[in-house]
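Values quoted throughout were computed directly from the atomic coordinates according to the rules given, and no laboratory measurement underlies them. The shown structure was predicted, so the numbers you read here are calculated from the model rather than taken from an experiment. Note that each Cβ is placed from the backbone with ideal geometry, even for glycine, and that neighbours are counted across all protein chains shown.
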Amino acid sequence: MRKLPRVLVVEDEPSIAELIAVNLRHNGFAPTVVFDGVAAQREVDAVLPDVILLDWMLPGESGATLARQWRKQERTKSVPILMLTARSDESDKVQGLDAGADDYITKPFSTQELLARIRAVLRRRAPEIVNDSVQVGNLTLDAATYRVSYQGQELKVGPTEFKLLHYLMKHAERVHTRGTLLDKVWGDHVFIEERTVDVHVKRLRESLGAASFMIETVRGAGYRLTAQGSPARPPAGSSVSAA
C-alpha cells in the first residue's frame with residue numbers, strides 16, 4: 001500500500017483545522033491536527049511529518065518562533081513548512097520566509113490552492129537526483145556528496161539554497177530573472193511569489209560567507225553568480241536589494 005504523506009496541521013481555530021484536515025484526507029494525505037506549539041513539538045518529536053502547515057498566531061510560542069527552532073535542528077531543518085496567517089503585508093511575508101517557511105498562505109485561502117502548494121513543496125523536497133560536480137573560481141559544489149566548499153573550506157547550505165546555488169553555478173556569469181529561477185529551481189507549477197527568490201538568495205549569501213560576493217544583484221534584471229567579483233567589497237548578503 002502506498003504510504004500517505006503525513007501533514008502536521010498546527011492551527012488554533014478548530015473549525016479551520018477541521019476543514020483543512022477533511023480536505024487533506026479526501027485528497028490522499030494523512031493529517032494530524034494540534035492547536036498549539038507544545039503539542040506541535042510533541043508530534044514532531046514522535047513522528048517526523050512530511051510537511052507542516054503552521055499558523056502564525058498561536059497560543060504561547062508563535063508559528064514564526066517554532067519555524068526558526070525547527071530550521072536550527074538537524075532532524076527538522078529540511079521539513080517543508082507552509083505558514084498560514086491572516087497577516088498579508090509584504091513585510092509579514094518576508095518575516096515568515098526569513099523565519100524558515102518555504103511558502104506563505106494568507107487567510108482566507110481556497111482549499112485547492114492549499115493542496116496545490118502542499119504538493120509543490122513535497123515535489124521540491126524530492127528533487128531530481130544529480131550526481132555531477134561543478135566549480136566556479138574557488139567555489140565547488142558536489143551534488144553526489146551534497147557538499148559545498150570555498151577555498152577548501154566546507155560550507156553548510158540548506159536544501160533549497162543548495163538547489164539554487166547548483167543552478168547558478170551550472171549557469172555562471174549569466175543573469176537570471178526571479179521568474180526564471182522560480183521555474184528552474186522551484187518548478188513552473190509552484191504558486192509562490194518572486195519575492196521568495198530574494199529571501200533564499202539572502203540565505204544563500206549568508207551561508208557562503210566569504211564567497212557571498214559571488215552572488216551579484218543585477219539591478220532591474222535579477223541575479224548572477226560570478227567569479228569576477230571582488231571579495232573586498234562589503235558583504236552582499238547584508239540586505240535584499242530590489243532588482
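In the chain, once you exclude exposed trypsin sites (Lys or Arg not before Pro) (DSSP loop, at most 11 other Cβ within 10 angstrom), what's the longest stretch remaining?
76-155
For Rg/Rh (Cα atoms, Kirkwood Rh), the listed values are [x] 1.05; [y] 1.12; [z] 0.98; which was obtained by calculation from the structure presented?
It is the value labelled [z].
Relative contact order of the chain, please, whole-number percent, based on alpha carbon pairs below 8 angstrom and at least 6 residues apart.
Numbers: 386 pairs, mean separation 30.0, N = 243.
Normalised by residue count, the contact order of the chain is 12 percent.
Where q = 0.20, 0.21 Å⁻¹, what log10 of I(q)/I(0) comes from the Debye formula for the range 129-170, counting one point per Cα?
-0.52, -0.57
Running a GNM on the chain with Cα contacts under 10 Å, which residue among VAL51, VAL94, VAL197 ends up with the highest mean-square fluctuation?
Among VAL51, VAL94, VAL197, the largest GNM mean-square fluctuation belongs to VAL94.
Collect residues whose amide H, placed 1.01 Å from N in the peptide plane, falls under 5 Å from the amide H of VAL9; neighbours closer than 5 in sequence don't count.
For VAL9, the qualifying residues are THR32, VAL33, VAL34, LEU53.
Within the set LYS156/LYS184; LYS93/LYS184; LYS72/LYS93; LYS72/LYS170, which residue pairs have Cα atoms separated by over 24 Å?
Among LYS156/LYS184; LYS93/LYS184; LYS72/LYS93; LYS72/LYS170, the Cα-Cα distance tops 24 Å for LYS72/LYS170.
Provide the gained length on full extension for the span TYR167 to ASP45, in nm with one decimal, where the gain is 0.36 nm per separating residue minus the Cα-Cα distance.
That works out to 40.6 nm of additional length.
Which whole-number percent of Cα pairs in the range 1-129 have a distance greater than 19 Å?
Working: 3556 of 8256 pairs.
Value for the range 1-129 (Cα pairs over 19 Å): 43 percent.
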